[in-house]
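Computed from the coordinates by the stated procedures, all read-outs in this text should not be read as laboratory data. In this text the structure is predicted, and so the values were computed from the model without any measurement. Methodologically, a virtual Cβ is constructed for each residue, glycine included, from the backbone with ideal geometry; neighbour enumeration extends over all protein chains shown.
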Amino acid sequence: MEINFMQVLFQAVNFGVIFFVLTKFLYKPIQKVLDERALKINDGLKAAEANLKAQSDLEETKKKAVAKARREAAKLVSAAEVTAKAKAAEVLKKARAEAKKEAEGIVNSAKASLKDQEKKMASSLKDLTIATTKKLLSDSLSAKEITSITNSMVKKLA
Amino acid sequence: MVKQKAQLRVANQLSASNLKTISKFVEKQVGKGTELVVKIDQQLIAGFKLTINGVEYDHSLSGSLERLAQVI
């Protein structure tokens, strides 16, 4: 087999021309597009990472805010419970004092009423005793006895 | 001159001596010439009640019982 050097040279020149043309007009634009795409992807990834971090920070902030709000709510509830207990104790104390006062009033009133009734009964009993005694004496004293008593009464004047 | 009156309420008829004693007492209080008006009042039980110029001298058994009731 015989090597045709002209043919080889022609093929080499042809290859060089094609290589040059392809490099100049095809490879570089494609590379440029690929680089731009890679840059965009890289930027996108960075933005996504930044977004994720921001979201994570936001989540953390939210958690902290919720925890703080819960603590404050717990404090408020605790304070409200303390206040309510104090208020309830005060109301209870006041109610007890009023009930005691009212009960004392009722007891005093009852005692006064009882004393009054006792007085009335004693008075009635006394009146009844006197009336009965008078009646008994009127019925039982003889004329002689009445005269005798009258005589002794008159003697007091002398 | 208007004659003064003394009212005497008695449980039963007084004897003359008792009446005299009472009359003397009346004279001692307001002087002579006082008219003694006597009434029987059986509610007195025994004794008498004498009223001279609005002043009452209660010497009745009934009055004694009432005074006793006041003291009790």
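Here are the numbers for the structure shown:
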{"item": "Under-5 Å amide H pairs with B:ALA46, H placed in peptide plane, nonlocal only", "result": "B:LEU61, B:SER62"}
{"item": "5 angstrom amide H check on A:LEU141, placed H, neighbours 5+ away", "result": "none"}
{"item": "Cβ-based charge dipole, the protein assembly as shown, positive-most Cα from B:ALA6, B:ASN18, A:LEU136", "result": "B:ASN18"}
{"item": "Extension gain from A:LEU39 to A:LEU125, taking 0.36 nm per residue of separation minus the Cα-Cα distance", "result": "18.6 nm"}
{"item": "Amide H partners (placed H, <5 Å) of B:ALA6, local residues excluded", "result": "B:GLU35, B:LEU36, B:VAL37"}
{"item": "Highest-fluctuation residue, B:SER23, B:SER15, B:SER62 considered, GNM on chain B with Cα pairs under 10 Å", "result": "B:SER15"}
{"item": "At least 24 Å along the helix axis (C-alpha) and Kyte average at least -0.5, DSSP helices within chain A", "result": "A:5-22"}
{"item": "Angle in degrees between helix B:16-30 and the longest Cα principal axis of chain B, rounded to the nearest 10", "result": "70 degrees"}
{"item": "Using alpha carbons only: equivalent-ellipsoid semi-axes of the stretch A:84-141, gyration tensor based, whole Å", "result": "54, 4, 4"}
